[in-house]
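Participant: One structure coming up, written as structure tokens, with questions to follow.
Read-outs throughout are calculated quantities, based only on the coordinates presented, and are distinct from any laboratory measurement. Please read all numbers here as calculations on a predicted model, not as lab measurements. Ideal geometry is used to build each Cβ from the backbone, glycine not excepted, and the neighbour counts take in all protein chains shown.
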Amino acid sequence: MEYPVRKLNELVTFRREVANCHKATIYDYISTENMLSDRGGVVEATNVPAKGKVKIFNKGDILISNIRPYFKKILKAKFDGYCSSDVLVLTPVSLSDEDYLYGVLSADTFFDYVTKTSKGTKMPRGDIDAIRNYSVPWPDHEMRTFIGEVYSTIDKKLDANKLINKNL
């Protein structure tokens, strides 16, 4: 079924708020180094920046590594925290669409698009303008909610399985 599309820039805000790096701890700091590839989530940071600024994110924000997009590093924040400037922080305009948008942005089609439009060769970075213009399928609210619930259920099951594996 074909759905109308909307530009990503209409559906999220790209957060830019920053804080002093001394506020970040290894427990609430996310960088491209501790984000796991292939949508694997995040592990505890091994260090935090000693000087400068870090970006702020909130629970529910979508975090995407903007370096080497072909590694498919993305996560939906489960806590408030801080991240490096190489991590894009997307805040859904409508909280009811955060699970749907996370699912759409986790898809290979999004990462293929970002990879094709990236800039640089050794350490390619996503082109922010291209990312802002990414076309997101936009079904009616009921369908977005249903799809978002499916994505959320799958994520919860994956998290439970990771915990079981860790305990084993």
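Participant: Assuming 0.36 nm per residue, please report the length gained on full extension of the stretch Lys122 to Val93 beyond their Cα-Cα distance.
Facilitator: On the way: separation 29, 0.36 × 29 = 10.44 nm, distance 3.39 nm.
Result: 7.1 nm gained on full extension.
Participant: Using alpha carbon coordinates only, what is the Rg to Rh ratio of the chain, with Rh defined as the Kirkwood radius?
Facilitator: Details: Rg = 15.9 Å, Rh = 16.5 Å.
When Rh is taken as the Kirkwood radius, the ratio is 0.96.
Participant: Determine the equivalent ellipsoid of the stretch 81-150 by diagonalising the alpha-carbon gyration tensor, then write out the semi-axes as square roots of 5 times the eigenvalues, largest first, rounded to whole Å. Write down the numbers at each step before the final one.
Facilitator: On the way: eigenvalues 126, 44, 19 Å².
For the stretch 81-150, the semi-axes come out at 25, 15, 10 Å.
Participant: May I ask for the Kirkwood hydrodynamic radius of the stretch 115-168, worked out over all distinct Cα pairs and given in angstroms to one decimal? Let's see the in-between values first.
Facilitator: Working: mean 1/r = 0.0686 Å⁻¹.
For the stretch 115-168, the Kirkwood estimate is 14.6 Å.
Participant: Using only the alpha carbon atoms of the stretch 30-70, find the Kirkwood hydrodynamic radius as the inverse mean reciprocal pair distance, in angstroms to one decimal. List each step's numbers first, then the result.
Facilitator: Numbers: mean 1/r = 0.0858 Å⁻¹.
In the stretch 30-70 this quantity evaluates to 11.7 Å.
Participant: While we're looking at this one, here's another question. In the Gaussian network model of the chain, springs joining C-alpha atoms below 10 Å, which of Ser31, Ser94, Ser84 carries the largest mean-square fluctuation?
Facilitator: Ser94
Participant: Net charge near Leu75: determine it from the other residues with C-beta under 10 Å of the C-beta of Leu75, scoring Lys and Arg +1 and Asp and Glu -1.
Facilitator: Working: positive: Arg39, Lys73, Lys76, Lys78; negative: Asp61, Asp155.
Surrounding charge for Leu75 is +2.
Participant: Computed FRET efficiency, Cβ-Cβ of Met143 and Asn9, R0 25 Å: what is it to the nearest 0.05?
Facilitator: Given R0 = 25 Å and the Cβ-Cβ separation, E is 0.70.
Participant: Moving on. In the neighborhood of Gly60, defined by Cβ-to-Cβ distances under 14 Å, what is the net charge if each Lys or Arg adds +1 and each Asp or Glu adds -1? Working shown, then result.
Facilitator: Numbers: positive: Arg15, Lys59, Lys76, Lys78; negative: Asp61, Asp80, Asp97, Glu98, Asp99, Asp155.
Net of charged neighbours comes to -2.
Participant: To continue, here is another question. Can you give me the pair-distance distribution of the stretch 1-82, C-alpha pairs, 5 Å bins, whole percents?
Facilitator: Percent of pairs per bin, in order: 3, 14, 21, 24, 19, 10, 4, 2, 2, 1, 0.
Participant: A follow-up question, please. When Lys and Arg each count +1 and Asp and Glu each count -1, what net charge do the other residues less than 14 Å away from Ala130, Cβ to Cβ, add up to?
Facilitator: Details: positive: Lys7, Lys116, Lys119, Arg125, Arg132; negative: Asp112, Asp127, Asp129.
Summing Lys and Arg as +1 and Asp and Glu as -1 gives +2.
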